Amino acid sequence: MSDLLELLAGPAPRVGAAGSSPRRSRGAVRSPRRSVVVEASTAQRDAYRALRRRAFVEQQGLFAGHDEDAADLDPLTIVLVAVDLGGTVLGGVRLHPEDARLGWWRGSRLVAADGRIGAQLVQAACARAATAGALRFDAHVQPRLTTFFGRLGWERVRPIEVAGAAHVLMRFPLTRLADTAAVKAPLGELLHGLLPRDRWLGDDGVPVPGTDVVACVDAIVPAMVERDPEWAGWCGMLVTAHDLSAMGAEPTGALDTVGGRDAAHVEAVLRGVKAGAEAFSLPVLGGHTHLGVPAALSVTGLGRTEHPVAASGGRAGDPLHLCADLSGGWRPGYTGRQWDSTSRRTREELAPMLAAVRAARPNAAKDVSMAGIVGTIGMLAEASGTGATLDVAAIPAPTSAELADWLTCFPGFAVVAAGQAPTAPETVTARCGTLTAEPGVRLRWPDGELTTALTSAPTGLGPAC
């Protein structure tokens, strides 16, 4: 194999590159070989290891005898290989977890016949890391390859040493957390000039002036009302109860507006509404019903408190806590998107959860919404005029859920709070971060590294007054 570093760092494949045909004449240029990237079979793994040995042991002298290590024995390690149309392995790369529970992965042992195939492998590795649930994806890159990786979107972190040789720690910016929070991004522009710039800006509910009443309203995604009407009815009451709870209000009642194609469909929605009203102690006081229309559901909630808790009350230095019910599992049909802990709970089990913020009276609180845990923390920080740093390993999460899914899903019952910690039986509460003066949301990893989850405020509404 020719100088692998030169092949990858150069602008184009060179004549005589590994896997190419013998030189026809000086300066001749061969046509690039067509290749596809696949997850390696046993035989393809053997061929990949042979390419690695030739490059890293025989040519570069980075290792003596062989370059195999613990990652080759890890059953979670993924090997991708580039093969031509005849099945010949032209290169490969492996992905292996530094901590699979946290979604921390690393790519390594990239070897390729030419720069085009190398780029193909790196891009495939980034995509595969994302589907594996990675929240952090690193590589230890030889200095001459940093430009090559930079052209593929990787970011330089710092110099390191590997096998006694200079390397650079580089990181691919995975965007799943930011993409989930981005659902809220249009709010600032859409609501500009409509909402008062008071301390409740960014909250899901608002105190009614001159009273101790808190009001909130939620709408359920129409597609969900159409295809899963009873669950939609339950969720309408769930999110309404949680909005009141996050502001420290005791539920008084709800009003619902429901639409559907026929009476049978509306009846299914209302079965869920009725069950939720009972479970969350949120009686339906009235509402409105449409028949012969597209599926729709919205619920207005009313509660009472003399001490409403705003999302804007946090200050830099405040500890961040997550209180969550980790029981249950993925709702059938919503794996990775909706965690269902509440439908298995009794009214008596749910009541202390809904009273947790009211009892703790933290500086700021917000129930976790469809923006996910990280996005919701970003919204609390935005309203408070701060940023946040989260300790990845300290975030309570179910053992049966990938952390990337848990941080981006609707989690059943979960509330984030700054200051005092809300607690309740049947839940887990942990300090998982700190509000900071620096805007945005960052993740702190067990090795001390910081990665950026959100670079800017999720909604654009800005700090509350």
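The values are calculated or read from the model by the stated rules, or taken from the named source; none is laboratory data. In this text, all values refer to a predicted model and were calculated from it rather than measured experimentally. Note: ideal-geometry Cβ built from the backbone for every residue, glycine included; neighbour counts use all protein chains shown.
Residue by residue through the range 246-261, note down the ones that are under 15 Å from Asp218 (Cβ atoms), charged (D, E, K, R) and surrounded by fewer than 20 Cβ atoms within 10 Å (Cβ to Cβ). Selection gives nothing. Restricted to the range 236-252, and to residues there that are of a type in the set (Val, Ile, Thr) and touching a Gly at 6+ places or on another chain (Cβ under 7 Å), the residue that is farthest from Leu350 (Cα to Cα) is Thr252.
Inspect the range 281-291 for any residue being part of a loop (DSSP other than H, G, I, E, B) and out of contact with any strand residue (DSSP E or B) (no Cβ under 6 Å at 6 or more places or on another chain) and give the result as yes or no. No, the range 281-291 contains no residue that is part of a loop (DSSP other than H, G, I, E, B) and out of contact with any strand residue (DSSP E or B) (no Cβ under 6 Å at 6 or more places or on another chain). Determine, yes or no, whether Ala166 is touching a residue at least 12 places away in the same chain (Cβ under 8 Å) and over 30 Å from Thr252 (Cβ atoms). Here the answer is yes, as Ala166 does meet what is asked. Exactly one residue out of Glu382, Glu426, Glu402 is over 26 Å from Ala457 (Cβ atoms), among the charged types (D, E, K, R) and out of contact with any helix residue (DSSP H, G or I) (no Cβ under 8 Å at 6 or more places or on another chain), and it is Glu402. Against the criterion of being within 21 Å of His307 (Cβ to Cβ) and touching a Gly at 6+ places or on another chain (Cβ under 8 Å), Ala383 qualifies. Residues that are surrounded by fewer than 18 Cβ atoms within 10 Å (Cβ to Cβ) number at least 1 in the following helices (runs of 4 or more DSSP H) confined to the range 343-391: 347-354, 356-360. Each residue in the range 301-342 was checked for being surrounded by fewer than 18 Cβ atoms within 10 Å (Cβ to Cβ) and either charged (D, E, K, R) or within 18 Å of Pro251 (Cβ to Cβ) (or both), and 5 of them qualify.
Screening the range 107-212 for helices (runs of 4 or more DSSP H) wholly inside it with 3 or more residues that are buried (at least 20 other Cβ atoms within 10 Å of the Cβ), at pLDDT 95 or above and aliphatic (A, V, I, L, M) returns the ranges 115-131.
So if I check each of Asp218, Asp243, which one is closer than 20 Å to Ser343 by Cα, within 28 Å of the chain's Cα centre (by Cα) and part of a strand (DSSP E or B)? Even if it seems obvious, please write down each step before you answer.
On the way: Asp243 fails: part of a strand (DSSP E or B).
Going through Asp218, Asp243 in turn, the sole match is Asp218.
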